[in-house]
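Data first, discussion second: the structure below is written as structure tokens.
Computed from the coordinates by the stated procedures, all read-outs in this text should not be read as laboratory data. From a predicted model like this one, the values you see are computed outputs, not experimental measurements. Counting neighbours? That spans all protein chains shown, and the Cβs are built from the backbone with ideal geometry, glycine included.
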Amino acid sequence: MSRPQHHFPTSVILRIAIWLIAGVWCAPILLAAVAALRAPKRLAMNPGDILGGEPTFESFIALQRSGGGDWLRNSLIVSAIAAIVTLLCSLPLAADISRKSPISRRLSDLLMLTYVVPTSFLSFPVLYLAVILSLRDSLVVLGILSAATSLPLAVMVLQAQAGTAAGQLMDIAALERLSLAQRTWHVIIPTVGHSVLAIAAIAFVLAWSEYAYSLLLLSSRLTLSIGLPHLLSGDVWRWSELLAAVAIVGLPALFLADVVTRLVNLLRLRQAGV
Amino acid sequence: MIVQRRARATWSATSIPAILLFLLTVAVPASVAVLYAFTGKRLGEPVAGFTLTNFSSALREPLFTAALRTSLRFAVVCVVTKLAIGYGLAGILTHAGRSATAALRLLLLPWLIPGSAACLLWVWLLYQPSGVLDHLVRSVLGHPSRDILGSADGAFWSLVAFNVWRETPFWALVFFASRKLVPPQLQEELRLAGTSTWFAERTLVAAYSAPTVLVCSAISFVWTFGEFQSIELITRGGPSNHTQTVASVAMDIGYAAGIDLGTAICMMLLTLPIILPAVLLLFVIAKRRRAALIT
Amino acid sequence: MPRIIHPSKAIALACATLFCAACKSPSAGPIRVQYLEIWAPALNEEFKSIARSWARDTHDSVEFIAVTLNDLPKRVAAFVDVPGAANLAVFPAVDAVIHASALADESAIVSTLATSGHTPLPNAEAMNKTQGMWPGVPLYAWSHLFVWRANLLRKKSLSPPTRFEGLLPVARILTDSSNGLYGFGLGTNGDDDEKMFVQSVLWSFGGAVFDSAGKVVLDSPRTRDALKYLVSLYRSGVMPPGIAGWDGASNNRAFIAGTIAGTANSPTILYALRHQDTLAASDVMHAMYPEGPAGRHTFATGFSLVSRRDDPKRDRVRELILFMMRPDNYARLLRAGEGSVNPQYSGYDTLSMWTNPQLRVALESQNFEHHVGWPGPVSAAAAEVFQRHILPDMVARVLNDGFTEDAAVREASRRVQEVVDRNASAQRP
């Protein structure tokens, strides 16, 4: 939508409103980041007292000792694999659909059935399959499973983007006898490049929140999803390490937020014809 | 030069990865799970003969009927709230100018952090005694806060609040991006005609956003109905089973009791009549969009 | 887009990959040991250390899978139903009984231990043995006790109640809700402590879920008496708000934080306090469960080492179990638990830590402990009734859902009967 012309007070009010809303919305995360700088013993006694005592990095050190670094690394690996697999599967299928392949269209409809079946329903048979194939405790398998959740959404988004325009351009490129690399660089990337990045981001985010499969499939290599609940189990809950974990994962989250908002802006500008 | 596009009846083998992914991760496991439901599958034992007793067991289980009501209520309340707030936020973001992008980054944080971290963060906020909320209430009012997670209503609305907090930014982002579908020339015409921004929002923007809203509603409903992680981590289905959803009851019966996997999966299957309409809606909208693009 | 690979070749490649992956020899590879990550880190470490010693001595290898209490049900299910999920696991004894048909019969190992002078205690036998077989080798057990803040009792010149009728008055005197202190605390959300507490109260009032023949007898006047008592206790104001949302460790945390003066728990609280600076261990007192009109009865929770009967690594697993249960190694394990777990075999009550009177209570409590399903036999139905927290749900129906005691007892009885009927049709033990 083109930028509307507002009178001065309205746009200022809206700007103040959106910043207030954003501030309140992410306040729990910011509070956690601040509280993570408190001494672990003080947090254990009084987890709600966010500001007391001298700041310290003990919580982060304790988290690292508990394996937080490994959990983060494993989560990043799983998410990256999920993003790559989602793109590898969705791009060709979307291209096929845009060329009116009826089989691919049926397949994309079938993919919607993924959302009928909750992952908690599937986790047990999947575990069975994974054990039979000696693929248990595998981050790659978890990444592939996570990709299945984002695949239908990815195909839907790409279909919209890789529609007639891309199809026509591909036909022109074929007539001009451009090579695959030239077609990829001059046609595919400019038309669907932003959507590809957006899908990768979404697949990444969905994968690193994956819980049901991780619970059963992973045992020695934990991800954040199942490692963090270990901090709040038993008689003594390790609040300091949990809050340190929230503060740390906020950093890649901020980076992702930056990527996603830039992509959205680019998409909006593109659609505005800018 | 307009190039005539030929319809191709051939199918490219490059779709094989998608097919394999769907087969191995969804179709085959779902078939196995359905097999468990229609046979007397119990943990540690081979599959027995065809039977429907699992379905009658599921229907007779008092926790199941209560969980079904809770799941439906949870999904409807969450979806309506998320979409209303998300749509409103998208409107504010559209009219807020350059500030929108920076504020959007902050807004997205709850959606972007891992689900477990978000759930446990809320446990920290609501923990009784001495969580953040309790500490705040004590310092302001001088007495402890009510134990929100210890009351049925408090626990339910906490889960709703969490779900809305976590997922609304994503939907706001989707609506914000989709507002670009509105043709600029139509907006310009309305502006020149002297209509207010609010009128444009109510008519033009709403009309063009409707398919996106419907798709998002359907996806959100399915995901929220099958929500498991937040219930497991924040309330564990309590207090006294008041926040048990179908997914959590099924996990409880299938795994915690350690015996009745068939009945657990039956419970999930019995929710299909509720989930299928939402997925069918997705199908229909996706098809119409595809048809609109191709013609 | 051009074809990258011919479909038939792609499918053949995929099948070949899957076939190769599946072709690994099932009896090779390390022994995967699934252990319970309990409240005593030293016990967990000692458990792993003993297993590693075996691996070193026999030039074998072990891998460990840590399971928290919250994840235990799912891991148990995975172990039972999925061959290869793990080779050796620490299971709750009730789960070993439920899944006895999938587990190896460890009678030979138990006999070997008995011949070395360490026979299973009567309780261990009652909890673990079913239909003539031992589906698991008893490892350790928790006693359920009453845990009190001795300093608060002393301050008010009180002693732990010896009868259930005395619990409420003591708790009332200890309660100072204006200062956030409550006399007693236990969840009503179906956690393990509540399951054990409610079952113990039921027995102490003369009620039971099953009779000695295994018939369902829950719907009885004595059950109603027990339920009335529990409801009056929970509604008396001696418990902190929010107990309806408590999990299995909330009472522990509340005790450590000073919110409650007493609770029902295993000796794990003392263990936790000894390793923290929050409260002096001398300020904690263990007491036996009080008596009810039908005497003193408490619940036994045992844990066993189990393996699958179809496990190709069975021989190696058997050697590992025998090594772990060797008297010197078993004693090491118990010592690492610092009295928070009880031995399951005779001859270990002479270890020096049991001279501590606080820990001795836990050992002596074993004389009053019963297994799930008592006075009937241990059965899959009884174990399922316990695991599905039908008794705590019965209490919750009255407390939270407005049921009368009659209606709650009838519903619970019906649910128990359904469990029994379903297990009977499956011909489970």
Under 19 Å from the 7 Å Cα→Cβ point of A:R73, by amide nitrogen: which residues of the stretch A:216-234? A:218-228
Among A:T114, A:A62, A:L76 - extreme Cα towards positive end, dipole of the stretch A:1-142, charges at beta-carbon: A:T114
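Two decimals is fine: what's Rg over Rh for the stretch C:190-295, C-alpha atoms, Kirkwood radius as Rh? Let's see the in-between values first.
Working: Rg = 15.9 Å, Rh = 15.5 Å.
Here Rg/Rh amounts to 1.03.
Normalized C-alpha radius of gyration of the stretch A:117-159, against 2.2 N^0.38 Å?
Numbers: Rg = 12.2 Å, N = 43, 2.2 N^0.38 = 9.2 Å.
So the stretch A:117-159 has a normalised radius of gyration of 1.33.
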Principal axis box of the stretch C:32-80, alpha-carbon based, largest edge first, Å: 33, 25, 10
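For B:T81 and B:L141, FRET efficiency with R0 = 30 Å and r from the beta-carbon atoms, rounded to 0.05? If you can, show how the numbers build up before the last one.
Numbers: r = 28 Å, r/R0 = 0.92.
Once rounded, the FRET efficiency stands at 0.60.
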Residue-count net charge about B:A155 - beta-carbon cut-off 12 Å; Lys, Arg +1, Asp, Glu -1: 0
Förster radius 35 Å - calculated FRET efficiency between C:R52 and B:V28 (Cβ-Cβ, nearest 0.05): 0.35
Taking the alpha-carbon centroid of each part, what is the distance from the stretch C:63-84 to the stretch C:136-170 in angstrom? 33 Å
Semi-axes of the equivalent ellipsoid for the stretch C:130-247, Cα gyration tensor, largest first, Å: 30, 18, 14
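Which percent, to the nearest 5, of DSSP beta bridges fully inside the stretch C:32-145 are antiparallel? Could the numbers behind the result be given before it?
Details: 1 of 8 bridges.
Restricted to the stretch C:32-145, the bridges split so that about 10 percent are antiparallel.
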Distance in nm between pseudo-label sites at B:R60 and A:T56 (7 Å out along the Cβ direction from Cα): 5.9 nm
How many times 2.2 N^0.38 Å is the alpha carbon radius of gyration of the stretch A:1-83? 1.69
Run the numbers on chain C and let me know its relative contact order in percent, using alpha-carbon pairs under 8 Å that are six or more apart. 25 percent
If you split all Cα-Cα distances of chain C into 20 Å bins from zero, what percentages do you get per bin, shortest first? 25, 53, 18, 4, 0
Per the Debye formula with a single identical scatterer at each Cα and no solvent contribution, what log10 I(q)/I(0) holds for chain B at q = 0.08 Å⁻¹? -0.50
In nanometres, what is the gap between the two model label sites at B:T195 and A:A17, each 7 Å from Cα along Cα-to-Cβ? 2.0 nm
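Given 4 °C and 1.567 mPa s, how large is the Stokes-Einstein diffusion coefficient of the stretch C:213-371 in µm²/s, with Rh as the Kirkwood radius over Cα pairs? Mind dumping the intermediate values first?
Numbers: Rh = 19.0 Å.
My calculation gives 68 µm²/s for D.
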Which whole-number percentage describes the relative contact order of the stretch B:123-174, with Cα contacts under 8 Å and a sequence gap of 6 or more? 20 percent
Highest-first arrangement of C:296-307, B:73-84, C:53-64, where packing means the average Cβ count within 10 Å: C:296-307, B:73-84, C:53-64
Sort C:L227, B:L233 by Cβ crowding within 10 Å, fewest neighbours at the top. B:L233, C:L227
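What share of the DSSP beta bridges in chain C is antiparallel, in percent to the nearest 5? Before the final figure, lay out each step's value.
Details: 25 of 37 bridges.
Restricted to chain C, the bridges split so that about 70 percent are antiparallel.
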The alpha-carbon center of the stretch C:188-215 and that of the stretch C:319-337 are separated, in whole Å, by 32 Å
Cut-off 10 Å between beta-carbons: net charge of the residues surrounding C:P83, Lys and Arg +1, Asp and Glu -1: -2
With the cut-off at 18 Å, report for the stretch C:88-160 the share of all Cα pairs above it, as a whole percent. 50 percent
Pair B:L72, A:S179: separation of 7 Å Cα→Cβ label points (nm): 6.1 nm
Choice from C:K156, C:K195, C:K313 with maximal GNM fluctuation in chain C (Cα, 10 Å cutoff): C:K156
Based on Cα positions only, what radius of gyration and what Dmax would you give for the stretch B:46-200, in angstroms? 22.5, 73
The stretch A:203-254: relative contact order from alpha carbon pairs under 8 Å, six or more residues apart, as a whole percent, is 22 percent
Roughly how crowded by other chains is peptide A:102-108, in terms of the mean Cβ count from those chains within 10 Å of each of its Cβ atoms? 5
Listed with the fewest Cβ neighbours within 10 Å leading, A:V131, B:V137 appear as B:V137, A:V131
Over 31 Å (Cα to Cα) among A:K41/C:K48; C:K48/C:K215; A:K41/B:K82; C:K195/C:K215; A:K41/C:K228 -> C:K48/C:K215; A:K41/B:K82; A:K41/C:K228
Nonlocal amide H pairs with C:V284, under 5 Å, H built at 1.01 Å: C:A150
Order of C:F146, B:F221 - criterion: other Cβ atoms within 10 Å of each residue's Cβ, fewest first: C:F146, B:F221
Gain in length, C:F323 to C:T350, computed as 0.36 nm per residue apart minus the alpha-carbon separation, to one decimal in nm? 7.6 nm
For the protein assembly as shown, convex hull of alpha carbons as volume per residue, Å³: 171 Å³
